[in-house]
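Beneath this line is the structure, given in structure tokens, with notes to follow.
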């Protein structure tokens, strides 16, 4: 296993049509923990995650991993807010990343069945993935992202439109993954979820990192006035 | 009175066409079987070759952003309306004794007909395939980029997961090729027992005034087109239960 961390962002930004979506961001993240990204709508949470993962083009500045960038990309995965289901069976969705990584058909199948069982999809292996319910889709997307055992997993509001039960199941999977050593960077709207999962918090405001602190300090200490207002549920601009 | 008579004649003509077709089929008329099989051979071969070219091309146009992309798509769409007779003429010139490929001696052979049909249906299949796969690609874009796929792997994923839509594209190509007469008449020459197919036979019989036989052949052609379409759909759906 290679080591991605620490990762350093220097003046990194994403622009679209002349408008800066996020940045310039200066940030250093260490190898341990669960980073929760919070902030009001339009603060640039999604753009920050996409930029770090490399699916949004860097408009300026730099991102430096502790290993070569191609290697870093190979050890990351991303779970989108709207889970992207390939038009295949549950099993087909799970074997795809393994087959890309060069595993044999039989090995990939065994591993996929195991992964599906772990997230509670073991009895719907042959169901077409686009026909799953919202919660099942997100669990499948999560299992598919974790199946290659990435060192770092990005999650963009994975529970945004899910009911309580699906949210709890997803949080359980995430807690297990974190305990097994997967580094999580996740954005969320749900402050309860942020409190439950976070070991550190990134508070974004207007495309910039307003605060970067350990979860304890952020939630129970004395964060900035804007962060306090945001936690209270006020509208922050 | 006169109009009614003509109308009656037409009905009679169609009726005798149906009976003619019926007898041709029931007696498995040797000539009919031969030209039907040749029709199928020429068109299915052209379809396989054209699909092998056009489907990956459609996928590549969806996945890849290159400078001439818009231009290529516009040209493909324009070529969908390519007049078959003109294609036939160009292939004829290319394959004729004095043409660049004259030494191959392909003119007035089924191979020449296949070449002409491939040229006619490649733009059609590629264009429809591109339309269908463009949508699929906008779904898959973020995921496949996130997974670090190569261009080839992206094309493969689109071709496999979009296979139902691609079947429709290929069937459209089949429809155009099986009913085509202009190009294969020019390059094939409608030679009996050699390059005669259903459409050229119909043109010939119509020209000779043998309307019943022409109609009979026409019904066989329609029945065959429907049968091939149904067969392909059945194969496509039994392969997996779900539909998408």
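Bear in mind these aren't lab numbers, they're just calculated from the coordinates by the rules spelled out. These figures come from a predicted structure and were not determined experimentally. FYI the Cβ positions are ideal-geometry reconstructions off the backbone, even for glycines, and counts take in every protein chain you see.
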What distance in nm separates the simple spin-label points at residue B:191 and residue A:196, each placed 7 Å from Cα in the Cβ direction?
-> 7.9
Residues residue B:164 and residue A:168, FRET efficiency given R0 of 30 Å [Cβ-Cβ distance, rounded to 0.05] | 0.25
Give the share of C-alpha pairs in each 10 angstrom bin for the stretch A:149-216, from 0 to the last occupied bin, in whole percents, shortest bins first.
-> 19, 53, 26, 2
Contact order normalised by residue count of the stretch A:86-131, Cα under 8 Å, 6+ apart, percent = 58
Using only the Cα atoms of the stretch B:1-112, build the gyration tensor, take square roots of its eigenvalues as a ≥ b ≥ c, and label the shape rounded, prolate or oblate: rounded if a/c is under 1.5, else prolate if a/b is larger than b/c, else oblate.
-> prolate
Quick one: Debye curve from the alpha-carbon atoms of chain A only, equal weights, vacuum; give me log10 I(q)/I(0) at q = 0.08, 0.15 Å⁻¹ to two decimals.
-> -0.30, -1.05
Taking 7 Å along the Cα-to-C-beta vector as the label spot, tell me the residue B:48-residue B:31 distance in nanometres, rounded to one decimal.
-> 3.0
Please report, in cubic angstrom per residue, the volume enclosed by the convex hull of the alpha-carbon atoms of chain B.
-> 177
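Could I get the Rg over Rh figure for the stretch A:1-102? Both from C-alpha atoms, Rh via Kirkwood, rounded to two places.
Numbers: Rg = 15.5 Å, Rh = 15.4 Å.
That ratio equals 1.00.
Using only alpha carbon pairs under 8 Å that are at least six residues apart, calculate the relative contact order of chain A and give it in whole percent. Numbers along the way, then the final one.
Working: 422 pairs, mean separation 62.9, N = 237.
Answer for chain A is 27 percent.
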Normalise the Debye intensity by I(0) for the stretch B:141-199, one equal point scatterer per Cα, no solvent, then take log10 at q = 0.21, 0.27, 0.30 Å⁻¹ and round to two decimals.
-> -0.82, -1.03, -1.12
Relative to the longest principal Cα axis of chain B, at what angle does helix B:198-208 sit, 0 to 90 degrees, rounded to 10?
-> 30
Pop the C-beta distance of residue B:75 and residue B:11 into the FRET formula with R0 = 41 Å and round what comes out to the nearest 0.05.
-> 0.35
Under 1.5 on a/c is rounded, so check that first for the stretch A:47-161, then, if it is not, pick prolate when a/b is larger than b/c and oblate when it is not; a ≥ b ≥ c are the square roots of the alpha carbon gyration tensor eigenvalues.
-> oblate
Angle in degrees between helix B:163-178 and the longest Cα principal axis of chain B, rounded to the nearest 10 = 30
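Taking 0.36 nm per intervening residue step and subtracting the Cα-Cα distance, what contour gain separates residue B:97 from residue B:230 on full extension? Display every interim value, and only then the final one.
Numbers: separation 133, 0.36 × 133 = 47.88 nm, distance 4.13 nm.
Full-extension gain reported as 43.8 nm.
For the residues A:224, A:187, A:62, B:51, what sequence is obtained by ranking on other C-beta atoms within 10 Å, fewest first?
Working: A:224 14, A:187 25, A:62 10, B:51 22.
Ascending number of Cβ neighbours within 10 Å: A:62, A:224, B:51, A:187.
What is the fewest-to-most order of A:34, B:228 by other Cβ atoms lying within 10 Å of their Cβ? Spell out each step's value before the answer.
Values: A:34 23, B:228 18.
Ranking A:34, B:228 by Cβ neighbours within 10 Å, fewest first, gives B:228, A:34.
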Taking B:65, B:196 and counting other C-beta atoms within 10 Å, the order from fewest to most | B:65, B:196
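For the stretch A:103-206, what Kirkwood radius comes out of the mean inverse Cα-Cα distance, in Å?
Working: mean 1/r = 0.0680 Å⁻¹.
About 14.7 Å, per the Kirkwood formula over Cα pairs.
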Stretch residue A:32-residue A:106 to full length: gain in nm at 0.36 nm per residue minus the Cα-Cα span?
-> 23.3 nm
Per 10 Å bin, what is the whole-percent P(r) computed from every C-alpha pair distance within the protein assembly as shown?
-> 4, 16, 20, 18, 13, 11, 9, 6, 3, 0, 0
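Checking the a/c ratio against 1.5 first, then a/b against b/c, what shape does the Cα gyration tensor give for the stretch A:86-131?
It comes out oblate by the Cα gyration axes.
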Helix B:211-238: inclination vs chain B longest Cα principal axis, degrees, rounded to 10, gives 30
